[in-house]
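Notes to accompany the following structure.
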Amino acid sequence: MELNDEKILGLREISNNIRESIVEMLLSAGSGHTAGPLGMADVFTILYFHILKHDPKNIEWEERDRVVLSNGHICPVLYATMAHAGYMPVSELNTLRRFGSRLQGHPHREFMPWLETSSGPLGEGLSQAVGMAIALRIDNKKNFTYCFLGDGELNEGQNWEAIMLAGKERLGKLIVFVDRNNIQIDGNTEDIMPLNSLTAKWTAFNWHVQEVDGHNFEMINDAVGKAHTVPEQPSVIICRTIPGKGVLEFEYDYHWHGKAPNKDEAKKALEELHTLGGKIKAEHH
Amino acid sequence: MLNKNLKLNEKMFDQDVEQIPIRQGFGEGLLEEGKHNKDIVALCADLTESTKMNLFAEAFPDRFVEIGIAEQNLASVASGMAAIGKLPVISSYAMFSPGRNWEQIRTTICYNDRPVIIAGSHAGISVGPDGGTHQAIEDIAITRVIPNMIVVSPCDSIEAKKAIQALLKIGKPAYIRLAREKTPIMTTLETPFELGQSQTLWKGENPEVAIIATGALVHKALVAAKKLEEIGISVSVTNLATIKPLDEESIITLAKESGAIVTVEEHQIAGGMGSAVAECLAQYAPVPVEFVGVRDLFGQSGTPDELIEYYGMGISHIMSAVKTVIERKK
Ligand SMILES: Cc1ncc(C[n+]2csc(CCOP(=O)(O)OP(=O)(O)O)c2C)c(N)n1
Ligand SMILES: [Mg+2]
């Protein structure tokens, strides 16, 4: 998947728009998660706007790659990315968490048939992605299955059941992104439940492991490209991200895990993102 | 007397009645459907032979996934396979699936409305010597409470075979409850079976009480009915194999005709089949109900017969419940 400077600038523009949407929708909802969605905006952008085989106009397309968001609480980034990609009107994002909205507090595929699964309870997504990859292999299909996991989420034992099974089954078409932002609800991950070394752990379970800067499009793109060529092993790409990325006030602070910005905070955040957006545009055009 | 229309096993009251574990029928039915429908896949958590899934696994190794001892993964991997268009059947002991993995079943199977069939083997107290940790007597309660879920509890091996085949044809989230022990054969290959349809296996003249039973205890209910007839008490016995969706129409009719109900199940009274029946009757046809089942206790080691007697689900207990409910009618 070719990436050039021009394309990278385009992706930066999109991810900045997605971040603005995230802040706006959280403000409108009055509750929800800020840190994770902002931190993962770049990975979602390059996945949906550069890597993924998908067609927002044909959601039943059999050749589409499958995406499973296991850490369902970061759904603002999923909803915003999918809206910008054409799955639903961007204007609908402001209905997040409202009664009657398709944008449920945690994703529900009954409301959004283009989602492969519902999520929210942590630790269950990877198992489903593994099931998808096994079923696709039985059918001799070439589709990739991508799965997003939080780092705190890895505290859940079910992940390790799924990691073990994927290693045993040598699921070469399964690619996991871990949001390695070092935070969870109660604090920093290494204080709550130490995870290091994640690389050593996944390697021990027979996975192909790569670590990247989760805000560097080239690195993410190269890592996915490499993962595509590993035939006999599932791949995990550990994305080092900055929680709350893009808004200084929110960055690196675990208190922003599950808090929505108030009016003032959102206003300042949007100004910051606007300024950045202006700079990217100037560079681009 | 026995309902002739249902072509039941006429030797069911004999001493040497044929006995087969209910799970055997499940294994055979799964194998049979697997031959016709290539979308069917099976997953197990290190209990492939105990749950009789080995019949399918040996015939179709490419469509069988050994998950290892990981019941939460079992449920969710199956959900993922269903998302691609497979019809997964998962099996373990009922205590661990749907026991251990209840929330995975709720979220990844039922909330997603994925057609996964959960086969819980070794359900009930009659698991015996393994003791209370292995005796699932809460499984009906925890499955029937989940939206989108079908709950089936066959009375014998032949009915279990028909039930799993019927479930595989409709493709909805479902729980099928299976017992470990050999169970008397009451039905025959000719006995009709329809999901959601109860069957009145025994009907005395102008029955004073309608017994509604599910699972292997249907046999004890029938024996009780026969003994009651000998002492001049007329009852009917209905096999409620599908607990959800509930055959409300038949239950209401039974209540109106007899004026009293006794429910019989190898399960906690709280939340079980009897509770489902009572929920229906309280709304549409309130009549006295007596419940035969486990009274808020854990099981323990023993032979199946010892345990059924100790926990009050034997023939004599069913007979006394009938007498009690007749008293309450007055
Ligand atoms: C099974 C389960 N337990 C608890 C929660 C509550 N919860 C939601 S997010 C979260 C922390 C997750 O940490 P991480 O995956 O690192 O996400 P981040 O905070 O980085 O967004 C917790 C405990 C849940 N959703 N599911
Ligand atoms: Mg985290």
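The values are calculated or read from the model by the stated rules, or taken from the named source; none is laboratory data. If you're wondering where the values come from, they're calculated on a predicted model, not measured in any experiment. A quick note on method: Cβ atoms are made from the backbone with ideal geometry, for glycine too, and the neighbour counts reach across all protein chains shown.
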Given the criteria within 12 Å of ligand 1 (Cβ to nearest atom) and in a helix (DSSP H, G or I), does A:E218 qualify? no
Considering only the range A:163-179, I want to know if a residue exists there that is at pLDDT 95 or above, within 17 Å of A:G72 (Cβ to Cβ) and more than 16 Å from ligand 2 (Cβ to nearest atom). no
Every residue in the range A:123-147 that is more than 7 Å from chain B (Cβ to nearest Cβ), under 15 Å from the mean Cα position of the chain (by Cα) and under 11 Å from A:L174 (Cα atoms), please. A:L126, A:T145, A:Y146, A:C147
Is there a residue being more than 14 Å from chain B (Cβ to nearest Cβ), closer than 30 Å to A:E169 by Cα and more than 16 Å from ligand 2 (Cβ to nearest atom) anywhere in the range A:233-243? yes
Regarding A:M82, is this residue more than 11 Å from chain B (Cβ to nearest Cβ), without any contact (Cβ under 8 Å) to a residue 40 or more places away in the chain and under 15 Å from the mean Cα position of the chain (by Cα)? yes
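Yes/no matrix, rows are residues, columns are (1) away from chain A (no Cβ under 11 Å); (2) buried (at least 24 other Cβ atoms within 10 Å of the Cβ); (3) part of a loop (DSSP other than H, G, I, E, B); (4) among the β-branched types (V, I, T):
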| site | (1), (2), (3), (4) |
| --- | --- |
| B:A82 | no, yes, no, no |
| B:G85 | no, no, yes, no |
| B:P88 | no, yes, no, no |
| B:S92 | yes, yes, no, no |
| B:M95 | yes, no, yes, no |
| B:R100 | no, no, yes, no |
| B:R106 | no, no, no, no |
| B:C110 | no, no, no, no |
| B:D113 | no, no, yes, no |
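A quick yes/no check of all residues on (1) at pLDDT 95 or above; (2) under 27 Å from B:N73 (Cα atoms); (3) in contact with a Leu (Cβ under 8 Å, 6 or more places away or on another chain):
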residue	(1), (2), (3)
A:E13	yes, no, no
A:R19	yes, no, yes
A:L47	yes, yes, no
A:E62	yes, yes, no
A:I74	yes, yes, no
Between a residue in the range B:152-167 that is outside the structural domain of B:R23 (by TED's automatic domain parsing) and any residue that is assigned to a loop (DSSP other than H, G, I, E, B) and crowded, with 24+ Cβ neighbours inside 10 Å, which pairs come within a Cβ distance under 7 Å, given they are 6 or more apart or on different chains? none
Residues B:V209, B:V152, B:V145: which one is closer than 20 Å to B:M95 by Cβ, surrounded by 18 or more Cβ atoms within 10 Å (Cβ to Cβ) and among the β-branched types (V, I, T)? B:V152
Can you say whether B:A57 is farther than 29 Å from B:L217 by Cα, away from every other protein chain (no Cβ under 14 Å) and outside any loop (DSSP other than H, G, I, E, B), as far as the supplied structure shows? yes
Are any of the residues in the range A:142-152 farther than 27 Å from A:I242 by Cβ, crowded, with 19+ Cβ neighbours inside 10 Å, in contact (Cβ under 8 Å) with a residue 24 or more places away in the chain and within 16 Å of ligand 1 (Cβ to nearest atom)? no
Sort through B:V292, B:V277, B:V325 and tell me the only one that's touching a His at 6+ places or on another chain (Cβ under 8 Å), of a type outside the set (F, W, Y), at negative phi and not in a loop (DSSP other than H, G, I, E, B). B:V292
In the range A:93-122, the residues that are more than 14 Å from chain B (Cβ to nearest Cβ), in contact with a Ser or Thr (Cβ under 8 Å, 6 or more places away or on another chain) and not hydroxyl-bearing (S, T, Y): A:L93, A:N94, A:L96, A:R97, A:R102, A:L103
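Do we find a residue being buried (at least 16 other Cβ atoms within 10 Å of the Cβ), among the aliphatic types (A, V, I, L, M), within 16 Å of ligand 2 (Cβ to nearest atom) and touching a residue at least 40 places away in the same chain (Cβ under 8 Å) anywhere in the range A:252-265?
No, the range A:252-265 contains no residue that is buried (at least 16 other Cβ atoms within 10 Å of the Cβ), among the aliphatic types (A, V, I, L, M), within 16 Å of ligand 2 (Cβ to nearest atom) and touching a residue at least 40 places away in the same chain (Cβ under 8 Å).
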Selected residue (only one of A:L136, A:L115, A:L103 is away from ligand 1 (no atom under 16 Å from the Cβ) and in contact with a Pro (Cβ under 6 Å, 6 or more places away or on another chain)): A:L115
Which numbered condition A:E190 fails, given (1) outside any helix (DSSP H, G or I); (2) within 16 Å of ligand 2 (Cβ to nearest atom): (1)
Could you identify the single residue in B:I176, B:I170 that is of a type in the set (V, I, T), more than 23 Å from B:Q19 (Cα to Cα) and either touching a strand residue (DSSP E or B) at 6+ places or on another chain (Cβ under 8 Å) or surrounded by fewer than 22 Cβ atoms within 10 Å (Cβ to Cβ) (or both)? B:I170
So, first residue away from every other protein chain (no Cβ under 14 Å) and over 23 Å from A:Q128 (Cα atoms) in the range A:171-196, second residue part of a helix (DSSP H, G or I) and more than 9 Å from ligand 2 (Cβ to nearest atom), Cβ within less than 6 Å, six or more apart or across chains; the pairs are A:D186/A:I192; A:M193/A:N155
Go through (1) more than 14 Å from chain B (Cβ to nearest Cβ); (2) away from ligand 1 (no atom under 16 Å from the Cβ) one by one and return the number of the condition A:D65 breaks. (1)
